[in-house]
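The values are calculated or read from the model by the stated rules, or taken from the named source; none is laboratory data. For clarity, every value in this text was computed on a predicted model and none was experimentally measured. Heads up, the Cβs are rebuilt from the backbone with ideal geometry, glycines too, and the neighbour counts pull from every protein chain shown. Heads up: the accessible areas ignore ligands, DNA and RNA and are worked out on the full protein's heavy atoms, side chains in. Shrake-Rupley method; radii C 1.70, N 1.55, O 1.52, S 1.80 Å.
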Amino acid sequence: MNQKEYESQIQALQHQVETLQKTNLDLVSHNLQLSQQINAYYDVRRRIQMLKELVIRHKELIRHADLRDDAELMALIETRLESELQHENPDFGLKELAELIGTTQTRLIDLFRRSPIHKTVDDYLDYLRLLRSMYYIQNQPAWGIAACAQQAGFTVIRTFNRKFQDALGMTPHEFRQILEAGRENLK
């Protein structure tokens, strides 16, 4: 092999080495891009998974929003009923109360079962209706007892009279007479 052929082969080999080095750099660059894409892909998948878990937790929180503590839930009930006077509607009961405050009927049943005063939602609503009927008896002297009871949410006057008697130890009529006697004494 002569010198010229030898130099030609060296040049060809150097060209091949340069081509391989360039190809190698291209492959390394391509691998880095793929690696970044894979990292981005897994990052997106992790984020999607985290969002799915957050959505599931949020759904669970919404489903179990009735897990507030008893005092907070009772305060919410009292506030909503005082401001909206829904209990004056005779058809207002457990289902409607649960919808009004955004909880489940089961949660309300459990809440009142643990209550030291009112053992059922109906007991509590009757209590509020009795208070409201007392307000009407006192502040609406022109109304009859039956009208006061109906306005407060009682549909059966007999039931109203019995519950009033049990709660106050006197009939609604006797309560009104005491109020009228007190007004007379103030004059």
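Taken over the stretch 105-121, the residue count meeting the criterion of being open to solvent by less than 50 Å² (accessible area, probe 1.4 Å) and assigned to a loop (DSSP other than H, G, I, E, B) is 2.
Residues that are within 20 Å of Phe154 (Cβ to Cβ) and open to solvent by 70 Å² or more (accessible area, probe 1.4 Å) within the stretch 79-88 comprise Glu82, Glu84, listed in sequence order. Residues of the stretch 122-164 that are of a type in the set (S, T, N, Q) and open to solvent by 20 Å² or more (accessible area, probe 1.4 Å): Gln138, Asn139, Gln140, Gln150, Gln151, Thr155, Thr159, Asn161. Residue pairs whose Cβ atoms lie under 6 Å apart, sitting 6 or more positions apart in sequence or on different chains, and linking a residue in the stretch 148-177 that is over 12 Å from Pro90 (Cα atoms) to a partner that is assigned to a loop (DSSP other than H, G, I, E, B) and of a type outside the set (Phe, Trp, Tyr), are Gln165/Thr171. The set of residues in the stretch 59-78 that are more than 19 Å from Asp123 (Cβ to Cβ) and either open to solvent by less than 70 Å² (accessible area, probe 1.4 Å) or at pLDDT below 80 (or both) comprises Lys59, Glu60, Leu61, Ile62, Arg63, His64, Ala65, Asp66, Leu67, Arg68, Asp69. Hey, among the residues in the stretch 140-187 that are assigned to a helix (DSSP H, G or I) and among the polar types (S, T, N, Q), which one's modelled with the lowest pLDDT? Selected residue: Asn185.
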